[in-house]
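S.K.: Got a structure for you, written out below as structure tokens; questions coming shortly.
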Amino acid sequence: MIVTVALLRAALAALNAYDWHTPLPVMVSSPTDAWARPLASTIRFGHFKTIESDDHLVPVGSLTRDPSDGPAVAALTMANPDTDPTASDIRKAPTTAQLAKSLAYAGLVDATLPVVIPTDRIDDDGLYSPIDPVMDHRYYDPDGDDHFGVWADDAWHRDTVHVLWPLHPRRAAQPAVPIRPVDWLTHLHQTETWIDPYGRAQPLRNMEIYDTCMARAWLEINADVITNDVIQHIFGTPDTALAAEPARPTPLQEAARALPDPRAWITSTPLAKALFRAYA
């Protein structure tokens, strides 16, 4: 899955709602998970130019202004790229709500832009890597003696942060255009399985918290498209438009609910509620 401005914004907003007790800062890991950097809330726009690198874990490149260098991207900049973060850096790092707000402004430009994050710096070239839709909860301890860098595994190690992880090349090679399930009404009225944008099914009970946030965010962002698919399905099979199932509205009733506000309709479906319960 290629993470876009809109998808990351929605997922961060969902995570901020989940962690309503405290607005957690957002961090970004290095490719080797040896340390982490706080993200600045500034978003830069440019083109992703792939460069040669000894790092085989993630595709790396630099942000340029030349359209011929590569695809347009939105890059999240990084504070203090040449030093490990301090406790002061963590206090200054944007929260999930602040970063989501910054991404909302970026969405006014192009919500479909791929998002890239900094990973490391070599000489004067800033290196960037597309992010994987994975966010973790870890504990930040800049002075820890029992681990390398700033990460710890226990809650008593100071601050909790959200962590964005870089993308593996085989994930980056997946198609940017998602494959959508055909029978949306059936999919949205069950609560056991999530079918991702590439058509891969996985049980909700096996999904990590950020995966459930990304799944619900994807539904909300694509609510208009899903509603249109439902209507087209009804047109294609008019005999089923008024077919009723126990405790479920007819397809025609679903369409009538969806048309005025597709996003509100999507969030009211059993699948969306089940995704919310997974991290509520």
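S.K.: Looking for whichever is at pLDDT below 85 and more than 18 Å from residue 3 (Cβ to Cβ) here; the options are 241, 255. Which one fits? Working first, answer last.
M.R.: Details: 255 fails: at pLDDT below 85.
When all the criteria are applied, what remains is 241.
S.K.: Scan region 136-161 for residues that are at pLDDT below 75 and part of a strand (DSSP E or B) and jot them down.
M.R.: 151, 152 - these are the residues of region 136-161 that are at pLDDT below 75 and part of a strand (DSSP E or B).
S.K.: State all residues of region 37-59 that are crowded, with 21+ Cβ neighbours inside 10 Å and at pLDDT 75 or above; if no residue qualifies, say none.
M.R.: Matches in region 37-59: 37, 38, 39, 48.
S.K.: In addition: Just checking, how many residues over region 245-275 are open to solvent by less than 90 Å² (accessible area, probe 1.4 Å) and over 14 Å from residue 186 (Cβ atoms)?
M.R.: 14
S.K.: Any residue that is touching a helix residue (DSSP H, G or I) at 6+ places or on another chain (Cβ under 6 Å) and open to solvent by 70 Å² or more (accessible area, probe 1.4 Å) - is there at least one of those in region 195-212?
M.R.: Looking through region 195-212, none of the residues is touching a helix residue (DSSP H, G or I) at 6+ places or on another chain (Cβ under 6 Å) and open to solvent by 70 Å² or more (accessible area, probe 1.4 Å).
S.K.: Test residue 215 against the criterion of being touching a Phe, Trp or Tyr at 6+ places or on another chain (Cβ under 8 Å) and modelled with pLDDT of 85 or more, and give yes or no.
M.R.: The answer is yes for residue 215.
S.K.: Quick check: is even one residue across region 104-124 closer than 19 Å to residue 39 by Cβ, modelled with pLDDT under 70 and of a type in the set (D, E, K, R)?
M.R.: Looking for residues that are closer than 19 Å to residue 39 by Cβ, modelled with pLDDT under 70 and of a type in the set (D, E, K, R), one finds at least one in region 104-124, hence yes.
S.K.: Something else now. With 266, 234 as the choices, which residue is at pLDDT below 85, in contact with a helix residue (DSSP H, G or I) (Cβ under 6 Å, 6 or more places away or on another chain) and either in a helix (DSSP H, G or I) or of a type in the set (Gly, Ala, Ser) (or both)? Write out each step before concluding.
M.R.: Details: 266 fails: at pLDDT below 85.
That would be 234, the only listed residue that is at pLDDT below 85, in contact with a helix residue (DSSP H, G or I) (Cβ under 6 Å, 6 or more places away or on another chain) and either in a helix (DSSP H, G or I) or of a type in the set (Gly, Ala, Ser) (or both).
S.K.: Taking the residues in region 75-105 that are of a type in the set (Val, Ile, Thr) and in contact (Cβ under 8 Å) with a residue 12 or more places away in the chain as candidates, determine which candidate is surrounded by the most Cβ atoms within 10 Å (Cβ to Cβ).
M.R.: Here is the first cut: in region 75-105, the residues of a type in the set (Val, Ile, Thr) are 77, 83, 86, 90, 95-96.
This time we only want the ones that are in contact (Cβ under 8 Å) with a residue 12 or more places away in the chain, so: 77, 86, 90, 95-96.
Values: 77: 16, 86: 14, 90: 19, 95: 19, 96: 23.
Residue satisfying both the conditions and the ranking: 96.
Per-residue answers, yes or no, for (1) over 30 Å from residue 18 (Cα atoms); (2) of a type in the set (D, E, K, R):
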residue: 237; (1), (2): yes, no
residue: 245; (1), (2): yes, yes
residue: 253; (1), (2): yes, no
residue: 257; (1), (2): no, yes
residue: 269; (1), (2): no, no
residue: 275; (1), (2): no, no
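S.K.: Given the conditions (1) under 18 Å from the mean Cα position of the chain (by Cα); (2) in a strand (DSSP E or B); (3) at pLDDT below 90, report the number of the one that residue 62 does not fulfil.
M.R.: In the conditions (1) under 18 Å from the mean Cα position of the chain (by Cα); (2) in a strand (DSSP E or B); (3) at pLDDT below 90, residue 62 misses (1) alone.
The values are calculated or read from the model by the stated rules, or taken from the named source; none is laboratory data. What you see is a predicted model; the values in this text were computed from it and never measured. Note that we place each Cβ from the backbone using ideal geometry, even for glycine, and neighbour counts take in every protein chain shown. Side chains are part of the model used for accessible areas, which takes the heavy atoms of the whole protein and leaves out ligands, DNA and RNA. Shrake-Rupley method; radii C 1.70, N 1.55, O 1.52, S 1.80 Å.
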